[in-house]
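A.B. asks: Take this structure first; my questions come after.
The values are calculated or read from the model by the stated rules, or taken from the named source; none is laboratory data. Note that the coordinates shown come from a computational prediction; the quantities given were computed from them, not determined experimentally. Quick reminder, even Gly has a Cβ in these numbers, built from the backbone with ideal geometry, and neighbours come from all protein chains shown. Heavy atoms of the whole protein, side chains included, go into the accessibility calculation; ligands, DNA and RNA do not. Shrake-Rupley method; radii C 1.70, N 1.55, O 1.52, S 1.80 Å.
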Amino acid sequence: LENLQPEIKKLAERLRYEVSVRGKQLGWSEKVARFHFKKNLRRIITDLYVRDNCHPFKATLVVWVQIPMWVCVSLALRNCSVGATDSKVQEQFAAGGALWFTDLTAPDPTWILPVSLGLVNLLIVEV
């Protein structure tokens with residue numbers, strides 16, 4: 001989208017001139033000329049988006065998919081950690097860790113897991 005901005009600016013200037021000339025030939029009012037300019041500029045921009053396959057909605061699609069997934073995972077982890085599920089699950093979390101974190105219900109004293117999770121999320125968002 002950013003790469004198209006200079007091209008859109010040039011096309012808009014040319015279209016503004018063409019609409020101005022055409023409007024004077026046909027005796028259009030300022031309002032009618034503005035309407036035709038906006039209508040044609042929208043058509044040109046849409047054609048550019050189709051040509052380069054870069055519709056603005058595609059840029060936000062990942063966010064709209066990621067937000068519900070993040071909410072569901074967060075709720076699932078919260079329910080598991082506070083014992084909202086069966087007590088057997090809580091017992092398994094307390095005894096089923098690995099490496100330096102043997103108890104999954106206790107906070108990580110080294111902060112390795114929270115920091116790495118934050119960095120991975122930041123990487124996902126930036127990519």
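A.B. asks: Percent of Cα-Cα pairs per 5 Å bin, from 0 to the last occupied bin, for the stretch 47-115, please list those.
C.D. replies: Histogram of Cα-Cα distances, whole percents per bin: 3, 14, 14, 15, 13, 9, 7, 6, 6, 5, 5, 1.
A.B. asks: Sticking with this structure for a sec: Apply the Karplus parameterisation 6.51 cos²θ - 1.76 cosθ + 1.60, with θ equal to phi minus 60°, to every residue of the stretch 39-47 and state each ³J(HN,Hα) to the nearest whole Hz, in sequence, with x for glycine and proline.
C.D. replies: Using θ = phi - 60°, the values come out as 5, 6, 5, 4, 5, 5, 5, 4, 4 Hz.
A.B. asks: If you don't mind, there's one more thing I want to ask. Select one label from [x] 19.3, 66; [y] 27.6, 83; [z] 17.2, 44: the one whose number is Rg and Dmax of the Cα atoms in Å as derived from the coordinates shown.
C.D. replies: [y]
A.B. asks: If you count only protein heavy atoms with a 1.4 Å probe, what accessible area per residue comes out for the stretch 57-126, rounded to a whole Å²?
C.D. replies: 82
A.B. asks: Now for a separate question. Enumerate the calculated ³J(HN,Hα) couplings along the stretch 5-12 in order (Karplus 6.51 cos²θ - 1.76 cosθ + 1.60, θ = phi - 60°), each rounded to whole Hz, writing x wherever the residue is Gly or Pro.
C.D. replies: These are the phi-based 3J(HN,Hα) values: 4, x, 5, 5, 4, 4, 5, 5 Hz.
A.B. asks: Also, I was wondering about something else. Which order do peptides 29-40, 55-66 fall in by mean Cβ count within 10 Å, highest first?
C.D. replies: Result, highest mean Cβ count within 10 Å first: 29-40, 55-66.
A.B. asks: Kindly identify the stretch 3-54 as rounded, prolate or oblate by the Cα gyration tensor criterion: order the square roots of the eigenvalues as a ≥ b ≥ c, call it rounded if a/c is under 1.5, otherwise compare a/b with b/c, prolate if a/b is larger, else oblate.
C.D. replies: Prolate, because a/c is 1.5 or more and a/b exceeds b/c.
A.B. asks: Using DSSP to call loops (not H, G, I, E or B), can you name the chymotrypsin sites (Phe, Trp or Tyr not before Pro) in the stretch 67-127 whose Cβ has at most 15 other Cβ atoms within 10 angstrom?
C.D. replies: Answer by residue number: Trp100, Trp111.
A.B. asks: Which value at 222 nm does the chain reach when only helices count, each DSSP H run of 4 or more adding -39,500 (n - 2.57), with the total divided by all residues and rounded to the nearest 500 deg cm²/dmol?
C.D. replies: -25500 deg cm²/dmol
A.B. asks: So, one more: Given a 1.4 Å probe, how much area per residue of the stretch 3-54 is accessible, in Å²?
C.D. replies: Result: 80 Å² per residue.
A.B. asks: Taking the Cα centre of the chain as origin, sum charge times position over the Cβ atoms of Lys and Arg (+1) and Asp and Glu (-1), and report the length of that vector in debye to the nearest 20.
C.D. replies: 1440
A.B. asks: Would you mind telling me the share, in percent, of accessible area of the chain contributed by carbon and sulfur at probe 1.4 angstrom?
C.D. replies: Accessible surface attributable to carbon and sulfur in the chain totals 65 percent.
A.B. asks: Each residue of the stretch 120-125 in turn: what ³J(HN,Hα) in whole Hz from Karplus with 6.51, -1.76, 1.60 and θ = phi - 60°, glycine and Pro shown as x?
C.D. replies: 5, 4, 4, 4, 4, 5
A.B. asks: Once Lys and Arg get +1 and Asp and Glu get -1 on their Cβ, which of Val63, Ala95, Ile124 lies farthest toward the positive end of the dipole of the chain?
C.D. replies: My answer, from the dipole projection, is Val63.
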